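Scroll down for the structure; my scribbles are underneath it.
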Ligand code: ATP
Ligand code: MG
């Protein structure tokens, strides 16, 4: 074909790009051009006369969406295709149809910590003791239910699980309180839209017609709700095109269901299945290692992948005496490569299993003067000062937001104590009103002292004054909040270093608002700005243009590629993660995670372990990951930096490390691995999934997608 859109593509890639109508499944391994196919296909559809407004492309991170948007823009300038994450897509639909699910359009999106406040309140209201399960664990179980489309009234407790009994009791009240605050949690966004589409055939049909062409990249990571969403928008117009690689499914702990991709051909009729077999990313040496490793997973379909690239260097496996030495050696090697002009900092990436490991590498790079970026973007928005300022804005946008109210009513301090806040809360609950409304009635609440009532009234006056600004540009709104509330003043005269940092962060927030105002000169609203900030992802800050070494978790690395990759701390307890040790399915997911990491590398790959690791404030002996014994060792380069023999077998390795079997590296609680849910995947869940799947497919359909363990 002479069309530039097809130029340089393989025959199978061309076949996928040329597909316009009907269901399409592109099933292929890493680096085979799946994402490239999606963007070229969009451009081709536009060229074939499909309107931009009829196409929607869905991905999982803002970065991936942004990347796709700019590639489509290059191929088809001026196109306005809706390319979005699932969450943003649903957030927008929810604004438009909020009334169908009991929300007002100015609803608030709660992050995990805000949702937890509501959950704690709900636990209190229901007088449920949390001695058997922490609120965090209960929250995860609720999230699991929501990802599997289990509405509160349909939740069935599993008699064998204490936590599921708690969930049954608290989930409805949690949901009620969210709605009372005109708020949703992350999972709600997807679940409510799926529910809306199920309950309103007219709306479903209208949106099905409007979004005639739906494309999903990384389809292997969709969960049941996401599956129901795209499926219900592809009934009359089954032009659903999905791309994915089952071997890269790494979000099982968030409810991702591999069956969505494996059963695609059963779900739709006359599916055009395209397999891409040529890898354009990695050297044969890297591919061989990846292939060997993933071959140990039992629940998979075998794929063949070849590359025409030159063999490249052997993959290296290094053992260091300590994690300190590991970090030093990596930083030194990077520095040498850069100094010799062979590589640039941005060619390198360091991947680890959990964020908490990043510090050692960061420090070593800093000492070598190598620029780096740690990709964990949400953290900025979790800082106290940022959450405080945004809470004022959230309350302006949605005065029913009780979490925002509680956060700022006495921040900075204005003489409104805990007991006053509690009394306002009780009054609000008793009268079925929001805390802001209760505050307006402070003078009539008998239990409040005169002084407290006056302080509350002053706060209400302040809030009303700031609220007059709601239609101004966002930077101005935030500026008014900072000045009128004296929030900024409390840090300005301080000598404390931390306060200076807070001021800097606040400035940074103001510049984000300014940027937003510039980008949205006409249509920018506070509501939209807040939505934008609520839906930031870990990888948002990742910038390929910056000449810096990238440090990120293996999860965040999905979809990316780097010339030179280090995967560090490949040790039992970390990779595979300690929490996966009792479940084969989870162990296989950990193996896929390492597979994802390995297949990011284009030319050089180095895996490493350290005999002793400093982690979370403790020094521990480690055991190398069992995964390392599954690699094609004869094809790799082994180097033990221990001044002792090179390890070649498990026994030798243990001898080198001299570690008794029971001295197992215990990894503590990890914020990165919120994965209790699979242990909940017993019979009650099976039942719930059945119900959910039946809802969309009707009772006659018996797709066995109910067993999350089945591949
Ligand atoms: P992953 O599974 O990791 O998401 P992918 O299948 O989506 O990978 P892409 O990211 O689309 O793969 O492509 C991998 C690399 O190969 C990219 O650098 C892309 O530009 C390049 N590539 C894809 N197809 C071709 C081609 N036909 N010719 C040359 N390079 C290609
Ligand atoms: Mg991709």
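No lab work stands behind these numbers, since they all come straight from the coordinates. It should be emphasised that the depicted structure is a prediction, and the values quoted were computed from it without experimental measurement. Here the Cβ is made from the backbone with ideal geometry for all residues, glycine too, and neighbour counts use every protein chain on show.
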**Prompt:** Of the residues 110, 97, which single one is away from ligand 2 (no atom under 16 Å from the Cβ) and either free of Cβ contacts under 8 Å to residues at least 60 places away in the same chain or over 24 Å from residue 203 (Cβ atoms) (or both)?
**Reply:** 110
**Item:** Within the stretch 560-579, tally of residues that are surrounded by fewer than 21 Cβ atoms within 10 Å (Cβ to Cβ), within 20 Å of residue 249 (Cα to Cα) and within 16 Å of ligand 1 (Cβ to nearest atom)
**Value:** 2
**Complete:** Within the stretch 584-618, of all residues that are touching a residue at least 40 places away in the same chain (Cβ under 8 Å) and in a loop (DSSP other than H, G, I, E, B), the one farthest from the chain's Cα centre (by Cα) is 616
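So, in the stretch 623-633, of the ones that are more than 17 Å from residue 580 (Cα to Cα) and assigned to a loop (DSSP other than H, G, I, E, B), which residue ends up farthest from the chain's Cα centre (by Cα)?
Only one residue tops the list, namely 632.
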**Prompt:** Do you know which residues across the stretch 338-375 are in contact (Cβ under 8 Å) with a residue 12 or more places away in the chain, over 13 Å from residue 551 (Cβ atoms) and out of contact with any strand residue (DSSP E or B) (no Cβ under 7 Å at 6 or more places or on another chain)?
**Reply:** 338, 344, 367, 368, 369
**Message:** Of the residues 54, 78, only one is surrounded by fewer than 18 Cβ atoms within 10 Å (Cβ to Cβ), away from ligand 2 (no atom under 16 Å from the Cβ) and farther than 25 Å from residue 282 by Cβ; which?
**Reply:** 78
**Asked** With respect to the numbered conditions (1) farther than 29 Å from residue 382 by Cβ; (2) within 16 Å of ligand 1 (Cβ to nearest atom); (3) assigned to a helix (DSSP H, G or I); (4) more than 20 Å from the chain's Cα centre (by Cα), which one is the sole condition not fulfilled by residue 35?
**Response** (4)
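Sort out which residues of the stretch 554-583 are in a loop (DSSP other than H, G, I, E, B) and within 16 Å of ligand 2 (Cβ to nearest atom), and write them in order of number.
554, 555, 556, 557, 558, 559, 560, 561, listed by residue number.
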**Message:** Filter the stretch 19-31 down to the residues that are more than 9 Å from ligand 1 (Cβ to nearest atom) and either surrounded by fewer than 18 Cβ atoms within 10 Å (Cβ to Cβ) or in a loop (DSSP other than H, G, I, E, B) (or both) and list them by number.
**Reply:** 19, 20, 21, 22, 23
**Message:** Restricting to the stretch 147-163, name every residue that is free of Cβ contacts under 8 Å to residues at least 24 places away in the same chain and either in contact with a strand residue (DSSP E or B) (Cβ under 8 Å, 6 or more places away or on another chain) or assigned to a loop (DSSP other than H, G, I, E, B) (or both).
**Reply:** 159
**Asked** Within the stretch 270-291, how many residues turn out to be over 28 Å from the mean Cα position of the chain (by Cα) and within 27 Å of residue 564 (Cα to Cα)?
**Response** 6
**Complete:** When the stretch 6-36 is checked residue by residue, the ones that are on the phi > 0 side of the Ramachandran plot and within 15 Å of ligand 2 (Cβ to nearest atom) are 31, 33
**Request:** Being over 19 Å from residue 598 (Cα atoms), assigned to a helix (DSSP H, G or I) and within 16 Å of ligand 1 (Cβ to nearest atom) is the filter here, so list the residues in the stretch 252-308 that pass it.
**Result:** 261
